[in-house]
Each structure stands twice: as C-alpha cells, then as structure tokens.
Amino acid sequence: MKHFDLNPVRPSTPCVVPPATKVRPNGNGYFRLRGTNQYAHRAAYELARGPIPDGLVIDHLCRNTACANPEHLEAVPPAVNALRADSPVTRNAVKETCDAGHPFSRRADGRRWCPKCSLAKRVARGETSGNGPLSERTHCPQGHPFDEENTRYDRKPDGSIKGRRCRACRRIADQAKRRKAAVTETTEVSR
C-alpha cells in the first residue's frame with residue numbers, strides 16, 4: 001500500500017477556480033456536461049491522470065475545495081483526506097497527549113486513553129483510593145477494612161489466591177437480596 005504524507009507540501013502554482021456562480025455550498029466547483037453536473041476537481045483529475053482508483057477520493061493539496069488545477073489534486077484514501085483537513089476531529093486524532101499533558105496509552109482494541117486521568121476520575125468518584133494495585137489496598141471501595149475477619153479470599157484450583165472480597169459488603173448485599181425476596185414473596189401471597 002502506498003504511503004501518504006499527512007502534511008503534504010502545498011503547490012506553488014495558482015489555483016484554477018470556477019466563477020462564484022459555479023461553486024456549490026460545500027465549496028466544490030462544478031460544471032454541466034451532457035445534462036449532468038460534474039465536480040470540476042474530479043473531472044480535472046480524470047482528464048489529467050485518468051480514472052480515479054476505486055476506494056480513493058480527491059484531496060485538494062492547496063486546501064481550496066473550489067480549485068480544479070490538476071497539480072493541486074491527489075487521489076488518497078478517505079481516512080488520509082480526513083486527517084489532512086483542519087478540523088477539531090483531525091486536531092484531536094493526531095494528539096499524542098491528553099489535555100493535562102499526559103501521554104496516551106493504547107487499549108487492546110487500538111483506542112487511546114490516559115491512565116493517569118482515568119485513575120484521577122475513579123479516585124474522585126470514590127471507586128478507589130488510588131493507592132496502588134488492588135492487592136495492596138487496605139480498604140474496599142465502601143471503606144470497610146481488608147483485615148483478617150472481614151476478608152474472604154477466592155482461590156484458584158492450585159491453591160493460590162485469585163482475589164479477595166469484603167465480607168461486610170457481601171453481608172449487606174445478601175441482606176438486600178433477602179429483603180427483596182421477602183417483598184416479592186409477600187406480594188405474590190397477597191394476590
């Protein structure tokens with residue numbers, strides 16, 4: 001696959017722009033040929049270089065969408081065309097740091113994220129104390145201590161520790177389930 005520069009050199013030759021009456025609201029120039037409207041830049045590219053390859057679009061190197069000078073036109077994939085544009089989406093896509101200045105990390109699916117800002121948000125919401133890995137935390141998210149009598153360890157088949165749970169949180173969850181079951185049972189009996 002051909003490599004496309006995201007910051008191409010702008011041409012030094014002048015733009016060829018149709019009259020204002022032949023420019024659409026989207027900024028592209030057009031003309032009428034054989035009873036149909038044709039985009040001027042696409043027709044100029046095809047006359048100068050041949051048909052536009054499948055899957056490619058015409059990018060204006062001069063950034064003037066009304067221009068039909070073949071020297072200013074290049075056939076590129078839509079993603080390259082979008083990344084060459086000057087838009088908020090493009091500026092955001094090429095960022096290498098978050099708004100706070102931390103470098104981005106990549107998730108397994110390729111998406112970017114900032115681990116430092118993510119942790120700060122979780123700490124602010126009270127989901128974590130932010131004090132290291134889960135195995136090193138002294139309290140559960142609800143604030144119950146991970147001590148000997150309040151901690152239940154989940155084990156793997158080989159006997160090693162898989163994880164730990166807060167017994168107080170488990171008791172609260174069980175009590176809520178029992179209350180809900182009692183209310184459901186009472187409503188069913190009263191029917």
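The values are calculated or read from the model by the stated rules, or taken from the named source; none is laboratory data. Owing to the predicted nature of the structure, the values given are computational and were not obtained by experimental measurement. In this analysis, Cβ positions are derived from the backbone assuming ideal geometry, glycine residues included, and neighbour counts consider all displayed protein chains. Heavy atoms of the whole protein, side chains included, go into the accessibility calculation; ligands, DNA and RNA do not. Shrake-Rupley method; radii C 1.70, N 1.55, O 1.52, S 1.80 Å.
Screening A176 with (1) in contact with a Lys or Arg (Cβ under 6 Å, 6 or more places away or on another chain); (2) at pLDDT 85 or above gives one miss only, at (1). Entry remark, the stretch 72-96: residues being β-branched (V, I, T) and assigned to a loop (DSSP other than H, G, I, E, B) number 1 in total. Among the residues of the stretch 1-41, those that are touching a strand residue (DSSP E or B) at 6+ places or on another chain (Cβ under 6 Å) and aliphatic (A, V, I, L, M) comprise V23, A40. Report whether or not A85 is at pLDDT below 90 and surrounded by 11 or more Cβ atoms within 10 Å (Cβ to Cβ). Criteria met by A85.
Going by the structure shown, is S129 modelled with pLDDT under 90, part of a loop (DSSP other than H, G, I, E, B), polar (S, T, N, Q) and open to solvent by less than 70 Å² (accessible area, probe 1.4 Å)? Yes, satisfied.
Residues that are modelled with pLDDT of 80 or more, exposed (fewer than 10 other Cβ atoms within 10 Å of the Cβ) and part of a strand (DSSP E or B) within the stretch 1-38 comprise just one, T36. So I58 clears everything in (1) over 22 Å from H3 (Cα atoms); (2) touching a residue at least 12 places away in the same chain (Cβ under 8 Å) except one condition, right? Which one? Just one mismatch for I58, condition (1).
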